[in-house]
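Trainee: One structure coming up, written as structure tokens, with questions to follow.
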Amino acid sequence: MADLATAFKIEQASHAFPWTEATFASNQGERYLNLKLENAGQMAGFAITQIVLDEATLFNLAIHPSWQRRGLGRTLLAALIAQLEARGVVTLWLEVRASNRGAIALYEALGFNEVTVRRNYYPAAHGREDAIVMALPLG
């Protein structure tokens, strides 16, 4: 991703518990397919995805709060899915906070299925929160 500084600002604005700069920087390189989404000439969001053999894991997706609820997350995911399919990836995995109903609804609308729950996975304001693991068969 060419514009890490802008992406990191979007990360901080979009998540209550954002990644650190070190974590953000370490999720770059040849094993990753990282996309940015621009809207009106500005970076509006990004996706960070790691590919291992014929599977990929979406580690992080964020749309800047000022651009949310406009279909940009769906647009970004559709572009990501198309690129993964072109690379021969057969399954896209992700984890999502159990409280993130908007994201879960989007993932389900795109064909993701719930696989399992990781209890107490994410930090939360009052302790820990479950992660829902989801998978999308590609191809």
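The values are calculated or read from the model by the stated rules, or taken from the named source; none is laboratory data. Given the structure is predicted, the values throughout are model-derived calculations rather than measurements. Using ideal geometry, Cβ is built from the backbone for each residue, glycine included, and neighbour counts are taken over all protein chains shown. In case anyone asks, the SASA skips ligands and DNA or RNA and just uses the protein heavy atoms, side chains included. Shrake-Rupley method; radii C 1.70, N 1.55, O 1.52, S 1.80 Å.
Trainee: How much net charge surrounds A135 when only the other residues with a Cβ under 14 Å from the Cβ of A135 are counted, with Lys and Arg +1 and Asp and Glu -1?
Mentor: Working: positive: R118; negative: D54, E55, E95, E108, E114.
In short, -4.
Trainee: Let me ask you something else. If you wrap a convex hull around the Cα atoms of the range 1-43, how much volume per residue is inside, in Å³?
Mentor: Per residue, the Cα convex hull of the range 1-43 comes to 75 Å³.
Trainee: Counting Lys +1, Arg +1, Asp -1, Glu -1, what net charge surrounds R31 among other residues with beta carbon under 14 Å of its beta carbon? Don't skip to the answer; put the middle values down first.
Mentor: Working: positive: R87; negative: E30, D54, E55.
Residues near R31 contribute -2 overall.
Trainee: Where in the range 63-90 does the amide nitrogen come within less than 20 Å of the point 7 Å from the Cα of N39, taken along Cα to Cβ?
Mentor: Output list for this probe position: 63-82.
Trainee: So, one more: With every protein chain left in place, what is the accessible area per residue of the range 1-137 in square angstrom, probe 1.4 Å?
Mentor: Details: 7530 Å² over 137 residues.
For the range 1-137, the solvent-accessible area averages 55 Å² per residue.
Trainee: Run the accessible area of the range 1-137 with a 1.4 Å probe and give the carbon-and-sulfur part as a rounded percent. Intermediate results must be reported in sequence, preceding the final value.
Mentor: Details: 3740 of 7530 Å².
Within the range 1-137, the accessible surface is 50 percent carbon and sulfur.
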